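K.L.:
Attaching a single structure in C-alpha coordinates format; questions to follow.
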Amino acid sequence: NTATAAALEDVRQMLPDIPVIGIRPALRQAEAAGCRRILSLATAGTLTSPSYARQCLALQPETEVVSIAAPGIVRFVESGMTRREETVRDLKELFRPIEGEAFEAVVLGCTHFPFAKNEIRTALGREVRFFDAADDVAKELAGVLNAADRKEKNNVRGSVTFLNSTDSDEAIGLSWALFS
(Lines give C-alpha, C1' and ligand atoms only; values in the text may rest on other atoms or scores of the structure.)
Protein backbone atom coordinates (compact mmCIF):
# COMPACT_ATOMS: atom_id res chain seq x y z
CA ASN A 1 0.00 0.00 0.00
CA THR A 2 2.69 2.50 0.95
CA ALA A 3 4.83 1.69 -2.10
CA THR A 4 1.76 1.87 -4.35
CA ALA A 5 0.78 5.23 -2.88
CA ALA A 6 4.28 6.59 -3.33
CA ALA A 7 5.33 5.24 -6.71
CA LEU A 8 2.78 3.22 -8.69
CA GLU A 9 2.19 5.73 -11.47
CA ASP A 10 5.90 6.52 -11.80
CA VAL A 11 6.79 2.82 -12.01
CA ARG A 12 4.08 2.20 -14.61
CA GLN A 13 5.45 5.07 -16.70
CA MET A 14 9.01 3.77 -16.39
CA LEU A 15 7.98 0.21 -17.33
CA PRO A 16 5.18 0.62 -19.89
CA ASP A 17 5.55 -2.94 -21.24
CA ILE A 18 5.37 -4.64 -17.86
CA PRO A 19 2.07 -4.93 -15.99
CA VAL A 20 2.55 -3.44 -12.53
CA ILE A 21 -0.19 -4.22 -10.02
CA GLY A 22 -0.70 -1.85 -7.13
CA ILE A 23 -2.38 -2.50 -3.80
CA ARG A 24 -4.61 0.11 -2.16
CA PRO A 25 -6.67 0.14 1.03
CA ALA A 26 -9.97 -1.67 0.48
CA LEU A 27 -12.20 1.35 1.12
CA ARG A 28 -14.32 0.75 -1.98
CA GLN A 29 -14.84 -2.91 -1.02
CA ALA A 30 -16.02 -1.96 2.46
CA GLU A 31 -18.39 0.62 1.02
CA ALA A 32 -19.70 -1.87 -1.57
CA ALA A 33 -20.48 -4.24 1.30
CA GLY A 34 -22.80 -1.59 2.74
CA CYS A 35 -20.45 -0.20 5.37
CA ARG A 36 -20.93 3.53 5.93
CA ARG A 37 -18.66 4.07 8.93
CA ILE A 38 -15.17 2.75 8.27
CA LEU A 39 -12.02 2.69 10.36
CA SER A 40 -9.02 2.72 8.01
CA LEU A 41 -5.67 1.61 9.43
CA ALA A 42 -2.54 2.15 7.34
CA THR A 43 0.92 3.62 7.42
CA ALA A 44 1.36 7.37 7.59
CA GLY A 45 2.85 7.26 4.09
CA THR A 46 -0.33 5.75 2.69
CA LEU A 47 -2.71 7.97 4.64
CA THR A 48 -0.97 11.20 3.62
CA SER A 49 -0.65 10.28 -0.05
CA PRO A 50 -2.62 11.95 -2.86
CA SER A 51 -3.66 8.45 -3.97
CA TYR A 52 -5.40 7.79 -0.63
CA ALA A 53 -7.05 11.21 -0.68
CA ARG A 54 -8.46 10.43 -4.14
CA GLN A 55 -9.77 7.11 -2.86
CA CYS A 56 -11.60 8.82 -0.01
CA LEU A 57 -13.05 11.49 -2.32
CA ALA A 58 -14.39 8.78 -4.63
CA LEU A 59 -16.58 7.32 -1.85
CA GLN A 60 -20.24 8.24 -1.47
CA PRO A 61 -20.84 11.37 0.65
CA GLU A 62 -22.64 9.33 3.33
CA THR A 63 -19.60 7.10 3.85
CA GLU A 64 -17.44 8.26 6.75
CA VAL A 65 -13.82 7.16 7.01
CA VAL A 66 -11.74 7.60 10.14
CA SER A 67 -8.08 7.09 9.23
CA ILE A 68 -5.40 6.17 11.75
CA ALA A 69 -1.71 5.56 11.12
CA ALA A 70 -0.66 2.39 12.95
CA PRO A 71 3.10 1.89 12.51
CA GLY A 72 3.31 -0.36 15.55
CA ILE A 73 1.59 -3.13 13.62
CA VAL A 74 4.40 -3.18 11.06
CA ARG A 75 6.97 -3.47 13.86
CA PHE A 76 4.93 -6.25 15.50
CA VAL A 77 4.74 -8.32 12.31
CA GLU A 78 8.35 -7.72 11.30
CA SER A 79 9.56 -8.74 14.76
CA GLY A 80 7.99 -12.17 14.25
CA MET A 81 4.77 -11.33 16.15
CA THR A 82 6.37 -12.13 19.48
CA ARG A 83 5.28 -9.08 21.48
CA ARG A 84 1.50 -9.58 21.39
CA GLU A 85 0.63 -8.08 24.79
CA GLU A 86 2.74 -5.00 24.17
CA THR A 87 1.19 -4.56 20.71
CA VAL A 88 -2.36 -4.86 22.06
CA ARG A 89 -1.54 -2.33 24.79
CA ASP A 90 -0.06 0.08 22.20
CA LEU A 91 -3.08 -0.35 19.91
CA LYS A 92 -5.49 0.30 22.79
CA GLU A 93 -3.67 3.57 23.40
CA LEU A 94 -3.77 4.39 19.69
CA PHE A 95 -7.54 3.70 19.61
CA ARG A 96 -8.29 5.71 22.77
CA PRO A 97 -9.55 8.78 20.78
CA ILE A 98 -12.17 6.58 19.04
CA GLU A 99 -13.07 4.52 22.10
CA GLY A 100 -16.78 3.71 22.14
CA GLU A 101 -17.31 4.71 18.50
CA ALA A 102 -19.05 2.19 16.28
CA PHE A 103 -17.51 1.15 12.98
CA GLU A 104 -19.06 -1.24 10.48
CA ALA A 105 -15.69 -2.12 9.00
CA VAL A 106 -11.97 -1.96 9.60
CA VAL A 107 -9.91 -1.56 6.44
CA LEU A 108 -6.43 -3.01 6.75
CA GLY A 109 -4.46 -0.65 4.52
CA CYS A 110 -1.05 -2.28 4.81
CA THR A 111 0.02 -5.75 3.73
CA HIS A 112 1.39 -6.38 7.22
CA PHE A 113 -1.91 -5.68 8.97
CA PRO A 114 -3.92 -8.85 8.17
CA PHE A 115 -1.38 -10.79 10.25
CA ALA A 116 -2.46 -8.72 13.28
CA LYS A 117 -6.25 -9.10 13.01
CA ASN A 118 -6.53 -10.77 16.41
CA GLU A 119 -4.49 -8.03 18.10
CA ILE A 120 -6.55 -5.29 16.41
CA ARG A 121 -9.82 -6.99 17.39
CA THR A 122 -8.63 -7.39 20.97
CA ALA A 123 -7.51 -3.75 21.19
CA LEU A 124 -10.83 -2.51 19.80
CA GLY A 125 -12.65 -4.68 22.33
CA ARG A 126 -15.31 -5.99 19.96
CA GLU A 127 -15.88 -8.16 16.93
CA VAL A 128 -15.16 -6.27 13.70
CA ARG A 129 -15.48 -6.93 10.00
CA PHE A 130 -12.12 -6.67 8.25
CA PHE A 131 -11.40 -5.71 4.64
CA ASP A 132 -8.07 -5.90 2.87
CA ALA A 133 -7.11 -5.78 -0.79
CA ALA A 134 -5.52 -9.24 -1.12
CA ASP A 135 -8.42 -10.85 -3.02
CA ASP A 136 -8.69 -7.91 -5.43
CA VAL A 137 -4.96 -8.01 -6.12
CA ALA A 138 -5.15 -11.78 -6.77
CA LYS A 139 -8.07 -11.26 -9.17
CA GLU A 140 -6.22 -8.48 -10.98
CA LEU A 141 -3.15 -10.71 -11.31
CA ALA A 142 -5.28 -13.56 -12.70
CA GLY A 143 -6.75 -11.12 -15.22
CA VAL A 144 -3.30 -9.92 -16.28
CA LEU A 145 -2.08 -13.52 -16.66
CA ASN A 146 -5.18 -14.53 -18.62
CA ALA A 147 -4.89 -11.51 -20.93
CA ALA A 148 -1.26 -12.35 -21.62
CA ASP A 149 -2.12 -16.06 -21.99
CA ARG A 150 0.38 -16.78 -19.21
CA LYS A 151 -1.91 -18.67 -16.85
CA GLU A 152 -0.78 -22.23 -16.20
CA LYS A 153 -3.08 -24.55 -18.12
CA ASN A 154 -1.92 -27.90 -16.78
CA ASN A 155 -2.42 -27.22 -13.07
CA VAL A 156 1.31 -27.62 -12.54
CA ARG A 157 2.36 -26.52 -9.10
CA GLY A 158 4.44 -23.35 -9.24
CA SER A 159 7.15 -22.12 -6.97
CA VAL A 160 7.63 -19.16 -4.66
CA THR A 161 10.79 -17.12 -4.27
CA PHE A 162 11.17 -14.44 -1.62
CA LEU A 163 13.53 -11.55 -2.20
CA ASN A 164 14.29 -8.85 0.32
CA SER A 165 16.29 -5.67 -0.09
CA THR A 166 18.13 -6.37 3.17
CA ASP A 167 19.43 -9.74 1.89
CA SER A 168 18.87 -10.99 5.42
CA ASP A 169 18.25 -14.65 6.25
CA GLU A 170 15.98 -13.49 9.10
CA ALA A 171 13.81 -11.40 6.76
CA ILE A 172 13.50 -14.28 4.29
CA GLY A 173 12.71 -16.67 7.16
CA LEU A 174 9.97 -14.34 8.41
CA SER A 175 8.52 -14.16 4.91
CA TRP A 176 8.35 -17.96 4.75
CA ALA A 177 6.80 -18.13 8.22
CA LEU A 178 4.09 -15.61 7.29
CA PHE A 179 3.49 -17.36 3.96
CA SER A 180 3.01 -20.79 5.56
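K.L.:
Whole-Hz ³J(HN,Hα) for each residue in the stretch 85-95, computed from phi via Karplus 6.51 cos²θ - 1.76 cosθ + 1.60 with θ = phi - 60°, x for glycine and proline: what do you get?
P.N.:
Per-residue couplings from phi come out as 4, 5, 5, 4, 4, 5, 5, 4, 5, 4, 7 Hz.
K.L.:
Along the charge dipole of the stretch 1-132, which of L57, G22, G100 sits closest to the positive end, that is, farthest toward it, with unit charges on the beta carbon of Lys, Arg, Asp and Glu (+1, +1, -1, -1)?
P.N.:
Going by the Cα projections, it comes out as G100.
K.L.:
In a solvent-free Debye calculation with one equal scatterer on each Cα, what is log10 I(q)/I(0) for the chain at q = 0.09, 0.20 Å⁻¹, listed in the order of the q values?
P.N.:
Each listed q corresponds, in turn, to -0.37, -1.47.
K.L.:
Less than 14 Å Cβ to Cβ from A133, Lys/Arg counted +1 and Asp/Glu -1: what total charge do the surrounding residues give?
P.N.:
-2
K.L.:
Moving on to the next point. Sort D135, D90 by accessible area with a 1.4 Å probe, largest first.
P.N.:
Sorted by accessible area, descending: D135, D90.
K.L.:
Report the GluC sites (Glu not before Pro) located in the stretch 1-84 that are in a DSSP loop and have at most 10 other Cβ atoms inside 10 Å of their Cβ, or state none.
P.N.:
Listed in order of number, the matching sites are E62.
K.L.:
Let me ask something else. Kindly report, to the nearest 10 Å², the accessible surface of D136 as traced by a 1.4 Å probe over protein heavy atoms only.
P.N.:
Surface accessible to solvent at D136 totals approximately 60 Å².
K.L.:
Now for a different question. Dipole magnitude of the chain about its Cα centre, charges +1 at Lys/Arg Cβ and -1 at Asp/Glu Cβ only, in debye to the nearest 20?
P.N.:
It works out to roughly 340 debye.
K.L.:
Another one. Between R96 and F130, what is the FRET efficiency for a Förster distance of 25 Å, r being their Cβ-Cβ separation, to the nearest 0.05?
P.N.:
With a Förster radius of 25 Å, E is 0.75.
K.L.:
A further question follows. Take the Cα radius of gyration of the stretch 108-156 and divide it by 2.2 N^0.38 Å, with N its residue count; two decimals is plenty.
P.N.:
Its radius of gyration relative to the 2.2 N^0.38 Å reference: 1.67.
K.L.:
Restricting to DSSP loop positions (anything but H, G, I, E, B) with no more than 15 other Cβ atoms inside 10 Å of their own Cβ, which trypsin sites (Lys or Arg not before Pro) remain in the stretch 109-165?
P.N.:
Passing both the DSSP loop test and the Cβ count: R126, R129, R150, K151, K153, R157.
K.L.:
Enumerate the calculated ³J(HN,Hα) couplings along the stretch 175-180 in order (Karplus 6.51 cos²θ - 1.76 cosθ + 1.60, θ = phi - 60°), each rounded to whole Hz, writing x wherever the residue is Gly or Pro.
P.N.:
Ordered by residue, 3J(HN,Hα) equals 4, 5, 4, 5, 5, 5 Hz.
K.L.:
Tally up the carbon and sulfur contribution to the accessible surface of the stretch 1-159 as a whole percent, 1.4 Å probe, everything protein left in place.
P.N.:
Carbon plus sulfur share of accessible area: 52 percent.
K.L.:
Here is a follow-up. Solvent-accessible area per residue for the chain at a 1.4 Å probe radius, Å²?
P.N.:
62
K.L.:
Could I ask something else about it? Find out how many positive minus negative residues lie around N164, taking Lys and Arg as positive, Asp and Glu as negative, among other residues whose Cβ is under 13 Å from that of N164.
P.N.:
-4
K.L.:
Continuing with this model, one more query. So which GluC sites (Glu not before Pro) in the stretch 132-180 pass both tests, a DSSP loop state and at most 13 other Cβ atoms within 10 Å of the Cβ?
P.N.:
E152
K.L.:
Also, quick follow-up: For E64, what is the net charge nearby, where nearby means another residue's Cβ is under 9 Å from its Cβ and Lys, Arg count +1, Asp, Glu -1?
P.N.:
With Lys, Arg at +1 and Asp, Glu at -1, the net is +1.
K.L.:
Which log10 I(q)/I(0) values, to two decimals, does the stretch 4-67 give at q = 0.28 Å⁻¹ under the Debye formula with one point per Cα?
P.N.:
-1.21
K.L.:
Still on this structure: Figure the gain on full extension for T161 and S180 (residue separation times 0.36 nm, minus the Cα-Cα span) and round it to one decimal in nm.
P.N.:
5.5 nm
K.L.:
Any idea of I18's accessible area? Nearest 10 Å², probe 1.4 Å.
P.N.:
100
K.L.:
Also, quick follow-up: Which angle between 0 and 90 degrees, to the nearest 10, do you get for helix 2-14 versus the longest principal axis of the chain when only C-alpha atoms count?
P.N.:
Its long axis makes an angle of about 30 degrees.
K.L.:
Sum -39500 (n - 2.57) across every DSSP H segment of at least 4 residues in the chain, then divide by the residue count to get the 222 nm mean residue ellipticity, nearest 500.
P.N.:
When only DSSP H runs of four or more count, the value is -13500 deg cm²/dmol.
K.L.:
OK, next. As a test question: what accessible area, to the nearest 10 Å², does T43 have when a 1.4 Å probe is rolled over all protein chains in place?
P.N.:
The accessible area of T43 comes to roughly 20 Å².
The values are calculated or read from the model by the stated rules, or taken from the named source; none is laboratory data. What you are looking at is a predicted structure, and each value in this text was computed from that prediction instead of being measured. Note that each Cβ is placed from the backbone with ideal geometry, even for glycine, and that neighbours are counted across all protein chains shown. In case anyone asks, the SASA skips ligands and DNA or RNA and just uses the protein heavy atoms, side chains included. Shrake-Rupley method; radii C 1.70, N 1.55, O 1.52, S 1.80 Å.
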